[in-house]
Amino acid sequence: MWLVAKLRKKEFSIFKNDLKNKIKSKLKFYQPKLLKDMNKRNKIFKKEIHLMGNYIFIYNEEFNNKNFINSLSTTRGLDYFLNKSELNQTQVINFINLCKNFEDQEGYLKPIFFKSLINFKAKFLTGPFVNQVFQVVEKKENFLKIILNDLELKLTDKAKYLYQPI
C-alpha cells in the first residue's frame, strides 16, 4: 500500500535512513520533481524542485496494518502520514503513473506534463516570461495558443518552458 508522508524541510535522507532501519522489507519512494533554470547574477543554473513540496509517496506491503503505521510515527524527519491513505489508493496509483509517463530519462517531469492540467489560466515558471500569467485560448495536440499581455502566441510542446495552472 502507498502512504503519503509529510517530511520536515531538508530531512529527506534522515527520514529515509531511519525508515529503512525500522522496516527490513523492501521500500519504494516516489517524489515527482522537475528541473528549473534559475538566473542569479546573470548566471543560469539548474535547480531541482519537488512538485509536491515536502510530501512523498512510500510503498510497502506492511502498510496495510494500521498499528504498524502508528509505530512509524516517531520516525526522524517525519511530520506526519496523511490519514485515510487506504481509501485513496487508486487515485494515488493513477497520479504516480501519470507522473512517471511524463518523466525523462533522468526522472524529471517534462514540461508537457502541465499541459494536460491547464484549462484556462497558467503562469510561466521559466523562460523570458517567468512569473507572467497567460490565458489559454486553444489547446491542440502539439501546441497551446495563448494570450499574454494582449499578444497571441503559440506555445509548442517542444518548448522547454515550464508553466503551471493557476
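The values are calculated or read from the model by the stated rules, or taken from the named source; none is laboratory data. Since we're looking at a predicted model, the values are computed, not measured. Cβ atoms come from the backbone with ideal geometry, glycine included; neighbour counts cover every protein chain shown. Side chains included, ligands, DNA and RNA excluded: accessible areas come from the protein's heavy atoms. Shrake-Rupley method; radii C 1.70, N 1.55, O 1.52, S 1.80 Å.
Can you report the number of residues in the stretch 5-41 which are part of a strand (DSSP E or B) and under 15 Å from G77 (Cβ atoms)? Before the answer, list the steps.
First, pick out the residues of the stretch 5-41 that are part of a strand (DSSP E or B): 5-7, 28-30, 33-40.
Now narrow it down to the ones that are under 15 Å from G77 (Cβ atoms): 5-7, 29.
Going through the stretch 5-41 one residue at a time, the tally reaches 4.
For every residue, the table says whether it meets (1) touching a Cys at 6+ places or on another chain (Cβ under 6 Å); (2) open to solvent by 80 Å² or more (accessible area, probe 1.4 Å); (3) under 19 Å from K36 (Cα atoms); (4) of a type in the set (A, V, I, L, M, F, W, C).
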{"residue": "G77", "(1), (2), (3), (4)": "no, no, no, no"}
{"residue": "K84", "(1), (2), (3), (4)": "no, yes, no, no"}
{"residue": "E106", "(1), (2), (3), (4)": "no, yes, yes, no"}
{"residue": "G127", "(1), (2), (3), (4)": "no, no, yes, no"}
{"residue": "Q135", "(1), (2), (3), (4)": "no, no, no, no"}
{"residue": "K160", "(1), (2), (3), (4)": "no, yes, yes, no"}
Review point. Of the numbered conditions (1) assigned to a helix (DSSP H, G or I); (2) farther than 30 Å from V130 by Cβ; (3) among the charged types (D, E, K, R), K100 satisfies every one except a single condition; which is it?
Key: (2)
Exercise for review: Go through (1) in contact with a helix residue (DSSP H, G or I) (Cβ under 7 Å, 6 or more places away or on another chain); (2) open to solvent by 60 Å² or more (accessible area, probe 1.4 Å); (3) of a type outside the set (S, T, Y) and name the single condition P32 misses.
Suggested key: (2)
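Is it the case, given these coordinates, that G53 is in contact (Cβ under 8 Å) with a residue 12 or more places away in the chain, surrounded by 11 or more Cβ atoms within 10 Å (Cβ to Cβ) and at positive phi?
No, not satisfied.
Going residue by residue through the stretch 67-88, is there one that turns out to be without any contact (Cβ under 8 Å) to a residue 60 or more places away in the chain and under 30 Å from L125 (Cβ atoms)?
Here is the first cut: in the stretch 67-88, the ones without any contact (Cβ under 8 Å) to a residue 60 or more places away in the chain are 67-68, 70-74, 83-84, 87-88.
Narrowing the set further to residues that are under 30 Å from L125 (Cβ atoms) leaves 88.
Looking through the stretch 67-88, at least one residue is without any contact (Cβ under 8 Å) to a residue 60 or more places away in the chain and under 30 Å from L125 (Cβ atoms).
Quick one: which of V130, V92 is of a type in the set (V, I, T) and at pLDDT below 85?
Answer to the selection: V130.
Sort through N149, N101, N142 and tell me the only one that's open to solvent by 60 Å² or more (accessible area, probe 1.4 Å) and within 21 Å of the chain's Cα centre (by Cα). Can you show your working first?
Values: N149 fails: within 21 Å of the chain's Cα centre (by Cα); N142 fails: within 21 Å of the chain's Cα centre (by Cα).
Every option except N101 fails the conditions.
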Revision key, fill the gap. Taking the stretch 116-125 and keeping only residues that are over 29 Å from N42 (Cβ atoms) and either hydrophobic (A, V, I, L, M, F, W, C) or surrounded by 15 or more Cβ atoms within 10 Å (Cβ to Cβ) (or both), one is left with L117, I118, F120
Practice item. Would you mind stating whether E11 is in contact (Cβ under 8 Å) with a residue 40 or more places away in the chain and either among the hydrophobic types (A, V, I, L, M, F, W, C) or open to solvent by 50 Å² or more (accessible area, probe 1.4 Å) (or both)? Key: yes
**Study point:** Cβ-Cβ under 7 Å pairs, at least 6 apart or on other chains, the stretch 137-149 side touching a residue at least 40 places away in the same chain (Cβ under 8 Å), far side surrounded by 14 or more Cβ atoms within 10 Å (Cβ to Cβ) and assigned to a strand (DSSP E or B)
**Key:** none
Point to revise | From I69, I44, I93, residue being buried (at least 17 other Cβ atoms within 10 Å of the Cβ) and either part of a helix (DSSP H, G or I) or out of contact with any Leu (no Cβ under 9 Å at 6 or more places or on another chain) (or both) | key: I69
